[in-house]
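The values are calculated or read from the model by the stated rules, or taken from the named source; none is laboratory data. What you see is a predicted model, and the numbers here were worked out from it, not measured in a lab. Because the Cβ atoms are built from the backbone with ideal geometry, glycine has one as well, and the counts that use them run over all protein chains shown.
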Amino acid sequence: MTRKTLNRRDFLRLLAYGSAALVGGGILNACSPEDIAAGTALAPTDASAGAAGAVDVEIALRAAPSEVQILPGTPTRVWQYQAELLKGPADTLVPLENTYLGPIINLQNGQRVRVRFTNELSEESIVHWHGLHVPVEADGHPRLVIKPGETYIYEFTVDDRAGTYWYHPHPHGRTGPQAYYGLAGLLLIHDEEEQALNLPSGDYDVPLVLQDRTFDSNNQLVYGGNGMMDQMMGFLGDTMLVNGQKDFTLAASTRPYRLRLHNGSNSRIYKLAWEDSTPMTVIATTGGLLEKPAQREYITLAPAQRVDVWVDFSGRQVGEQLRLVSLPSAAPDGGAFPVATVRFEREESVSQPLPERLSTIVWHNPAEAVNGNAPRSFTLMMGMGRGWTINGRTFEMTAVAQDEIVKLGDLEAWEFYNRLGGGMGMGGGMALPHPMHVHGLQFQVIEREIDPAGRADWETLKDGYVDEGWLDTVLVMPGERVKILLKFEDFTGLYLYHCHNLEHEDTGMMRNYRVDA
């Protein structure tokens, strides 16, 4: 894996048009794990409502400095989510071995959950439960950040389909570095529909969190070494990690597996395939199970996206190896490289066929959208002197524009348009992929269009889109228009929508939308 550099012309464009958004931000120059103060005291606070009721699951979660062995030699200093189960089933928390990643949190649909999050870093933080449908107080908006030593109490009912979700920090301007230094973990939701399918479980249900990182000669993480270029392009590491480990190898049996693939990178887009061209069978996306399995030659996985893949290793030979790779594409730093290796160490004869039908999904009807003929339009582009923007705007902590106010109960159509060359003056400008995430709900993709000028790059990734399921994050390539359907249910208040290239988010490519009763 190598790092792609900008040519001189593109870099000078970024310098000229992005500098005003970056001066004084200090986004890549703030605290590293070396600067963390130890021994901060817990300071419970009434930060969220409803913390006194009965719950089914209670977890004490903290963000703290730590050290892990990632490379041979000196341990790497990281930030880490650490957790203790205060109440609930014994398998609620499942730690991953030899990693900085937080424990897997297993929850059941319908459970009432309380999380006591304590910040033991030396800077403000807050936790976002990515993909979950929760009240605004539990969503992790950056206006709710807590200071070092403070505790924030989340309380919510699990009202999401079985699937692979995750949790990560969400302070404005610091999400990128905090996630990069290690703050992330998977959250798996289960329900009766999923359990009736007899999918691979236990040791055969394997999470694979994909992240790219860069290390110095002393095995310490390096973030922002290319300054403004990283802020504008997004950080791209030169070392592939899976579940926080380099050269990851899954010791497997010759039987069916469920692999939960999660792109936990700050900005890298993966084009995932089996090295021997075995088709990939997708059974779930970010919002849970598909109606039926979907096959792809490769899978395009943008930052924050997840897909669950069913794969039958029956017939493989003990001692054989199979590599998961990322194929060449037009994504930034889109060269080919190995991602993980499956080594078959045990022979097992297990009959566990994949059901032809996985789930019953009640889809939104586009004809019922209140604005179906004129969707809300969000143009993604480089603004004059303001870095990356949405409709020419950058993030304001509590501000919301008139066209960002929606009504509770409404079904709406939105369109994200990644404009080519907009806002950069004569000669066009740089356009980059934007994985767009909407907080508080799952949505469905109903239409994609591509401008002719962007088609060549789009063609290198578009066959790997998996739009058949519910999504909370959708990739919008340069020149692409993506129309989605969203329904605003149950909760009012201020939520976010933003690019999940974390450096784009941190430099302002994020806005509020408000749900009014």
### Query
Do any strands (runs of 3 or more DSSP E) lying entirely in region 138-212 carry at least 2 residues that are over 19 Å from residue 118 (Cβ atoms), and which ones are they?
163-169, 185-190
### Message
Within region 243-298, take every residue that is without any contact (Cβ under 8 Å) to a residue 40 or more places away in the chain and in a strand (DSSP E or B) and give me the one that is nearest to residue 359 (Cα to Cα).
### Response
295
### Task
Kindly indicate the residue of region 75-90 that is more than 26 Å from the chain's Cα centre (by Cα) and loosely packed, with under 14 Cβ neighbours inside 10 Å and also nearest to residue 100 (Cα to Cα) among those meeting that condition.
75
### Query
Here is a list of conditions, (1) among the acidic types (Asp, Glu); (2) surrounded by 24 or more Cβ atoms within 10 Å (Cβ to Cβ); (3) under 26 Å from residue 205 (Cα atoms), and residue 139 meets all of them except one; can you say which number that is?
(3)
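Within region 82-122, which residues are among the charged types (D, E, K, R) and under 23 Å from residue 69 (Cα atoms)?
If we filter region 82-122 for residues that are among the charged types (D, E, K, R), which is where we start, we get 84, 87, 91, 97, 112, 114, 116, 120.
Matches in region 82-122: 84, 97, 120.
Take the residues in region 481-507 that are in a loop (DSSP other than H, G, I, E, B), at pLDDT 95 or above and touching a strand residue (DSSP E or B) at 6+ places or on another chain (Cβ under 6 Å), then tell me which one is surrounded by the most Cβ atoms within 10 Å (Cβ to Cβ).
Going through region 481-507, the residues in a loop (DSSP other than H, G, I, E, B) turn out to be 488-492, 500-501, 507.
Applying the additional criterion that residues be at pLDDT 95 or above yields 488-492, 500-501.
From what is left, the residues that are touching a strand residue (DSSP E or B) at 6+ places or on another chain (Cβ under 6 Å) are 488, 492, 500.
Values: 488: 20, 492: 15, 500: 26.
Only one residue fits best here, namely 500.
Table: residues versus (1) within 28 Å of residue 432 (Cβ to Cβ); (2) out of contact with any strand residue (DSSP E or B) (no Cβ under 7 Å at 6 or more places or on another chain); (3) not hydrophobic (A, V, I, L, M, F, W, C).
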position: 239; (1), (2), (3): yes, no, yes
position: 251; (1), (2), (3): no, no, no
position: 257; (1), (2), (3): no, no, yes
position: 283; (1), (2), (3): no, no, no
position: 287; (1), (2), (3): yes, no, yes
position: 297; (1), (2), (3): yes, no, yes
position: 311; (1), (2), (3): no, no, no
position: 317; (1), (2), (3): no, no, yes
